[in-house]
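Structure first, then comments.
The values are calculated or read from the model by the stated rules, or taken from the named source; none is laboratory data. All figures in this text were calculated on a predicted structure; none of them were measured in a lab. Please note: Cβ atoms are built from the backbone with ideal geometry, for glycine as well, and neighbour counts cover all protein chains shown. Side chains included, ligands, DNA and RNA excluded: accessible areas come from the protein's heavy atoms. Shrake-Rupley method; radii C 1.70, N 1.55, O 1.52, S 1.80 Å.
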Amino acid sequence: MNDISNRYDVIGVCGLGTDYETLSDANVESCDIFVAVTGSDELNMLSCHMAKTMGARKTIARIRNPEYNEKSLVFMQQFLNLSMPINPERSAARYIYNILKLPNAANVETFSTRNYEIVELKLKENTQLSGQKIMDIRKKYRANFLICAVQRGNDIFIPDGNFIINVGDKISLAAAPNEVAKLLKSLGIMQKQSKSVMILGASRTAYYLSKMLLSSGSSVKIIEKDPVPIYVMSRSLPGAIIIKGDSADRDLLIEEGLESVDAFISLTGMDEQNILLSYFAMQNNVPKVVTKINRNEFISVADDLGLDSVVSPWKNISDILVRYARSMENSVGSNVERLYKIMGGKAEALEFKVNTDFKYTNIPLKDIKFKKNILIAGIIRNRKAIIPSGDDVILAGDNVIVIGSGHRLYDLADIVE
């Protein structure tokens, strides 16, 4: 508790989250958001219920047990007056699943009912984009897309049309999903979806991911040495192949077909093991490797080893909580609908819902003076994704995608000088 209070400059209150006096000492009755993320789903729900009864404005509970289906969650949310349940493992599984649908990508973020995506790609030596200006790339390829951010080493750029792309850059592409696929095909780097997947660790994330993969027709093999989760998985995932063995045993991985799978997902409880085994898979030419890492200090290590698809359940949930907190501050003009950290957390992609009282509607984008390192990357109108030009305008009811670096954006109006 003292370490957290000193490191993050927060006030710590030591006590049980379901104890009235502890909650009172923490001034729960006057808080805007109460978040319960202990290891017990039931404790989290009860704590949120008490906080709401005491006067907390909004309550968020971490609920991870797969046995709570959607109907149960809806009932509990209504009965407990819970503002939002969050599930780190399900969120991480969805994130990985989206990447496996587009294996060339290091990261895929989806906006507005999946009609718009931001895809991160690491440009390798044989890329056709190297040495070209962004304006020339858009003219050359027929796909309707926008390069909205570039990471070069430790530097992040929100580029204009004159920016020149180099080998080794990590770029963020904004487009509708079919347009991303069209561009990758034009570049000759479109890779088939991962149909055979090996997963290390029978975790909750592995369960949710396996369920998604099996329902889409993929084959799944899970390697785990603990007999308890093996028993649970074998009953709940009859379509998966579950192997009892040490996932750190490289001979076992080879024996179980590592060299022939489309994707390798390391989801053990140890970051170091996930990194080393992912690197081993990459050295054995597995087309797609995804690594779970919870500690931020290991992310740069993974990047140095060439492991560009990293997932962190805690990071995903922190993004959700930050987005929720920001959305509560938007009372005029627009609301934050979605928020994602991109480019290793050095830039943000935000989706705003435009209200009728937003001051800059019906004005061509070229006539609005935006702040530095701000880009309008997309407009969603009537479920259609628009990659905007200077002549496009924002209308009330639109969803607007903004890319920013070095800014803390709470409202769409914050992007204007």
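Brief remarks follow.
- Listed residues L183, L305, L267, most fluctuating in the chain (Gaussian network, C-alpha, under 10 Å): L305
- Each semi-axis of the equivalent ellipsoid for region 54-134 is √(5λ) with λ an eigenvalue of the Cα gyration tensor; in descending order they amount to 39, 15, 10 Å.
- Put simply, the convex hull of the Cα atoms in the chain casts, on average, a shadow of 21.5 nm².
- Translational diffusion coefficient (Stokes-Einstein; Kirkwood radius from C-alpha pairs) of region 69-184 at 4 °C, 1.567 mPa s, in µm²/s: 80 µm²/s
- Value of Rg to Rh for region 1-146 (Rh from inverse mean 1/r over Cα pairs, i.e. Kirkwood): 1.16
- Dividing the C-alpha radius of gyration of region 224-371 by 2.2 N^0.38 Å, with N its residue count, gives 1.47.
- Accessible area in square angstrom per residue, the chain, 1.4 angstrom probe: 48 Å²
- Take the Cβ atoms of N166 and D9, set R0 to 30 Å, and the FRET efficiency comes out at 0.15.
- 3J(HN,Hα) along region 307-321, derived from phi through the Karplus expression 6.51 cos²θ - 1.76 cosθ + 1.60 where θ = phi - 60°, amounts to 8, 8, 10, 10, 10, 10, x, 5, 5, 4, 6, 4, 4, 5, 5 Hz, with x in place of Gly and Pro.
- Relative contact order of region 2-137, taken over Cα pairs closer than 8 Å and 6 or more residues apart, is 14 percent.
- Fraction of accessible area attributable to carbon and sulfur, region 270-417 (%, probe 1.4 Å): 49 percent
- The Cα atoms of region 184-306 cover 43, 33, 27 Å along the three principal axes, with the biggest extent listed first.
- Three principal axis extents describe the C-alpha atoms of region 319-417; from largest down they are 32, 27, 25 Å.
- In this structure, the pairs whose alpha-carbon distance is over 30 Å, taken from K195/K225; K139/K359; K170/K371; K192/K353; K211/K346, are K139/K359; K192/K353; K211/K346.
- Inter-centroid distance (Cα atoms) of region 81-119 relative to region 385-399, Å: 24 Å
- Sulfur and carbon atoms: percent of accessible area, region 1-127 [1.4 Å]: 49 percent
- Carbon and sulfur %, accessible surface of region 189-243 computed with the full protein complex present, 1.4 Å: 59 percent
- CD proxy at 222 nm, helix term only [per DSSP H run n ≥ 4: -39500 (n - 2.57); per residue of the chain; nearest 500]: -9500 deg cm²/dmol
- Average Cα contact separation per residue, the chain, under 8 Å, 6 or more apart, as relative contact order %: 12 percent
- The C-alpha atoms of region 107-168 occupy a region whose extents along the principal axes are 35, 29, 23 Å, arranged from largest to smallest.
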